[in-house]
1. If you build the convex hull over the alpha carbons only and average its shadow over all orientations, what do you get for the range A:229-290? Give it in nm² to one decimal.
2. What translational diffusion coefficient, to the nearest whole µm²/s, does the range B:62-257 have by Stokes-Einstein, given a Kirkwood radius computed over alpha-carbon pairs, a temperature of 37 °C and 0.692 mPa s viscosity?
3. Translational D (Stokes-Einstein, µm²/s) of the range A:63-269 at 10 °C and 1.306 mPa s when Rh comes from the Kirkwood sum over C-alpha pairs?
4. With 5 Å bins from zero, work out the P(r) of the range A:247-339 over every alpha carbon pair and list the percent per bin.
5. On a C-alpha basis, how far is the centre of the range A:390-410 from the centre of the range A:287-320 in Å? Whole number, if you could?
6. Need one value for A:19-28: mean number of C-beta atoms belonging to other chains within 10 Å of its residues' C-beta atoms.
7. What's log10 of I(q)/I(0) for chain A at q = 0.12 Å⁻¹, Debye sum over Cα points only, no solvent?
8. Any chance you could list P(r) for the protein assembly as shown, counting all Cα-Cα pairs in 10 angstrom bins from zero, rounded to whole %?
Amino acid sequence: MTRHLVRLIWNRKRQNLLLTIEILCAFLVVFVVVLFGLTFATNARAPLGFETERVWTIDVGRPRALPGADAAANEANAAREREIFTRLLAAARELPQIELAAGTFTAPYVNATWGSGVTLTDGRKLDFLYNRVTDDVVPLLSMPLVAGRNFGRQDDGAGTMPVLINRALASALFGDGNPIGQVIPEKPDPKERRDPSEPAPRQKRVVGVMQDFRQHGPYSVPGMVMFERLQLDAAHGGVPDRLLVRVRPGTTVALEPILVRRLQREAADWSFGISTMDHLRERKENDYLMPLTVLAVIAGFLLLMVTLGLTGVVWQSVTVRLREFGLRRAAGASGASVRRQVFAEMAVMTTFALLAGGLIVGQVPFLPLSREMVSVVAPGIYVGAVALSAAAIYCLTLACGWYPSRLAARIPPADALRYE
Amino acid sequence: MLSHYLTMTLAVLKRRPFYTAISLFGISFTLLVLMVITAIADHALAPMAPESRQDRMLGVHSATMWGEGNQWNSDAGYLLFDRYARQLPGVETLTIFASYQTVTTYLGDQRVSSALKRTDAAFWRVFDFTFLEGGPYTEADVTEARFVAVITSASRERLFAGQPALGKTFEADGQSFRVVGVVDNVPDIRMTPFGDVFAPITTAKTDAYKREIMGGFHAVVLARTTDDLPIIREEFNARLTKVELPGKDFTSLVAPFETAYDSLARESPFGDRKDPARQGAKLTLFLVIAALLFVTLPTVNLVNVNISRILERASEIGVRKAFGAPTRSLIAQFVVENVILTLAGGAIGLVLSALVLQAINQSGMFAHSTLAVNPRVFGYGVVLAIAFGLFSGVYPAWRMARLHPVEALKGGPAR
């Protein structure tokens, strides 16, 4: 039966080739949308690792350090600025509406990211999202720790640098072993040119494991994260770019100018820009959802166009072949069997298109250009997206055959044979 | 002949309204998408106030400094322009201005965010803003670091409830500015002149910027004639090779004067930031390929529907062939039919895109945008429609012309 169908399709190969190409294109369009949608939906199910209710971010703009100035001058400047920052935190905490204040380099939903990496003694290289935070950031963002503890005063003057890592980094570093108290087995980079006046970097010791810290929000790809402790009253470590505060329930925007004026008093030549986390989150989620929405709307209309077009084409070819169907009916085939023939032909054609489509999308992950993409899309999601889009395309083509096949099945054989 | 084709086309299109509707839907939707994208690109890049003399303008919007194992991408710094971009040959006016900075003004319980752009006085001579009130700040205002500002009409709406603002003061980022002028809004997709509030460059909180060659600043030149543009570009690139770079980490610097589009291409994944040559062609190539990929599906769809329509008319073709009509005239007839159909679809698409653009303006997706189907965009639309019509009409026409007359008379090919 299948062989017979394939032969029937082969007999009308030119027209059917174009139809197959159209189905193939439709598959590719559906695939792209489904792949994005599935990736976002999967990401959204993973925990964020922080809460931003009543949290405000204050971007702290400082006069930039002079390029070309010598390292000692830069460090002296940074030490002065860390002192100012400490005063800013104290000033913020004095306000009765503010529960907590902390300093950090990057914050949830802001666009700036800080990537870093280590080369391990076993030769592996790990890249992760990196941040330096003061002790209050973890409680301020209600970040759940799954093991160990947060940084604290007990880490002052420790010989090692205390770090918090997320679960993904913990399992990459130590497998199933207990990461707490472990030193990250880092291989020193011989190529790194270091100023002799700077002390050798301290080894990093894991004090706690956070659930996660997905800075770019629920749709972002979960990855590996490391937080280093920032001690403002110690040498080195830089000056944080952001000041986070958590306000008490019921605090309104009226506090913002008061807070800015208070901060401005401590540092007249610095700038302070407050944004609420709600606003930043909305903007960030929009960054993810807007392109997907535009893509989905366009894809939806393209599919509607394909559905109508295919229906028209199948309708026409059924009309042309009414004599053939009439002959089959006259020879004793039931209406249902004629209808099945139309559907089966559509299905065979769709299968060809999907095989070609599968071949194409199967190549994509192996292209040199797609390296980046492979790290963003899990293989399971990729395969799932292929399967889901294939199923959607079968439904679509069979829907296109629904009305024309009814037409073919319902026409009386005598009329069909006479049809011109 | 053409009027005959026209009559034929209308008759054919009326005979099978279902196919006509499918075709028109596909054509108008495809052109709608292309037109909306074109209109946005036009709004971002074509000459319009305050950049109406764009054909004589070049700007430095991105700079890259690198050495072994180090690369620093950002905009350039004030010092670079102040020291190397002054007195370039062929330049009528040079303006140096900062990237905008988002500042907040508190009005009672309300917060107002504005894009504050600090500029020199030449800014107002390079860009032709329309002043609704007052005028620009002067060289003296800039050298004396007076706290004066020019605001847009949207800012006047937000800061002063739309009342005349001249001489009034407002606070932004802890500084107090007196309004000396009010100008028309600038859409935020016009990246170069965009701002809500403009103030003298010298009102910055510190003068550290004066000593930096990287970060935070843009320069735009207005050339005397368009012929001077290549000279300006080359002279500045030549001067940049002599810049003393800070530290030992950096050995080269590229920050060319170029058009906004070339600059966009430079910062896109297709551009090479280390190459001072123009980068626009690479982005154009990508955009053309992307557009072709997008129209593949609609084209195949239209070809399929067209072939069905032809087979429907097999007997008509058979008659014409039997009476000796040459293949060429049959092809011409069908291609003309198809182009007429796509033009009709294009007209629908044009009306729809006007509606969609209106909706985008109102949605605030692009701040202060006034997207519209202007004559230029209309021209693009007609060209797109004709190209699409030819694209999707030629293959079906060829199939139609090859039909064997006998088969055609019998109502279609056996296969």
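1. Mean shadow area of the hull around the Cα atoms is 6.8 nm².
2. 184 µm²/s
3. 85 µm²/s
4. Once binned at 5 Å, the Cα pair distances of the range A:247-339 give 2, 9, 9, 9, 8, 7, 6, 6, 5, 5, 5, 5, 4, 4, 4, 4, 4, 2, 1, 0.
5. Between the Cα centres of the range A:390-410 and the range A:287-320 lies a distance of 15 Å.
6. Numbers: counts 4, 1, 6, 10, 1, 3, 7, 3, 0, 3.
For peptide A:19-28, the averaged partner shielding equals 4.
7. Calculated log10 I(q)/I(0) at the listed q: -1.00.
8. All Cα pairs, binned at 10 Å, distribute as 2, 10, 16, 19, 18, 14, 10, 7, 3, 1, 0 percent.
We did not get these values from a lab; they are worked out from the coordinates using the rules stated. In this text the structure is predicted, and so the values were computed from the model without any measurement. Virtual Cβ from ideal backbone geometry, glycine too; neighbours counted across all protein chains shown.
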